[in-house]
Amino acid sequence: MIFRRNRWRRVTTYPSKQLLIIAAVLVAALLPEALPLQAQERQQEATPQEGRRMHVVREGDTLWDLASFYLSDPFLWPEIYRLNTIVVEDPHWIYPAEELLVPGREELGLPREPGQEVAARPPEPQVRGELKTIFTAPQLTRQTLTYQPLPPVPPMAVTEGDFYRAGLLLPLSELGPRGEIVDVTPPPGFPVEPLTTIPRFGRIYVSHVGGEPPGLGDRMLIYRVEREVIPWGNVIRPTGMATIAAVHEDVSTAVVTELFDRIMIGDKTMPAERFSFERGVFAEPVASGPSGQIVALFDEQWVGSTEDLVFIDVGRSQGVEVGDEFELYAAARRASAGHRLPEEHVGTGRVVRVTEETSTLRLVAMRHPTVDVGVPVRLVRKMPM
């Protein structure tokens, strides 16, 4: 079946020049009477008892501005939109020549403003760049809010994260009893393959440290024992933190709360050492203090930037504590040509963990591209007593 589209096309005829002249004369004759009639119809739509008005939209008008001008409250713009949903499809857009009905103040329960005159167009706002939003309650626009700035929080020389994630160098005998991650807890009803890496907030089964069950809420340090550094012991690498969520006969269920490295089945656990550090307190310069040298690097590569960790052979037995600062330096020496070279400052390290015979330094300043084992150190700043 073939449809003929021509049947549905509109037929457009073009009037002659004479007909256009006659039509123009008739419009000119009827125009003085037509305009008052339209004005009467508008007056009927804007009933006097309700105080409604008709506004002809001009370029630049918004419902916000109209509500501010006619109703003295820009947040009442939805009331204008409610009366004009046939004309206005989207309240964000109104167009010139649209006729909008504006509700009266009495209709909305607002007090009448004596002597208020209605202009043909709202005046331009006095304040430029004012943020306009429909999500603020009207009463908030009539309140003055005063914000009191909070006092600044003093910084910390060593944060809790610095403390727990820092590696240790010590004999395994100093660690004491240890537990172990023996398995992960799979979600109920889901077959789970053994995980190679345990995610944050993952649930794990840990054996009891020394055979003694922990308490609910106890914090555990998860770590891995790495290479031996003779005669100082083994490098201990923290891999995360966990909190005991349930205690069973042979194992406890723990939730991983922090990740420092990959956590895997077989990693060890021990009770987390209590961390307590006062804000705003930093080490103060001292005339002299214990000295030593870097005996190992946390990672087996040259230290090339700040925030890296190194181990020194000065510890708690020499009075070192968390927050103390050591200077790294190159001793005075002779060049190959025989010239005497002065002592040179290389960098600064802050103590983040302490064992009986060693300390862990986090480098906070460097003046040389690399730092390696054998660099001498000496205490230059001491935490106040």
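Rule-based calculations on the coordinates, nothing more; no lab input. Note that this is a predicted model, so its numbers are computed, not measured. Heads up, the Cβs are rebuilt from the backbone with ideal geometry, glycines too, and the neighbour counts pull from every protein chain shown.
Results, tabulated for the structure shown:
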{"quantity": "Expected-Rg normalisation [2.2 N^0.38 Å, Cα atoms] applied to the range 160-271", "calculated": "1.06"}
{"quantity": "For a label point 7 Å along the Cα-to-beta-carbon line of GLU273, residues of the range 335-370 with backbone N under 16 Å", "calculated": "350-362"}
{"quantity": "Residues of the range 258-277 with amide N under 15 Å of a point placed 7 Å along Cα→Cβ from ASP183", "calculated": "265-266"}
{"quantity": "Of the trypsin sites (Lys or Arg not before Pro) in the range 260-322, those whose Cβ has at most 15 other Cβ within 10 Å and which sit in DSSP loop", "calculated": "ARG262, ARG274, ARG279"}
{"quantity": "Extension reserve of the TRP302-VAL87 stretch, reckoned as 0.36 nm per residue once the Cα distance is removed", "calculated": "70.0 nm"}
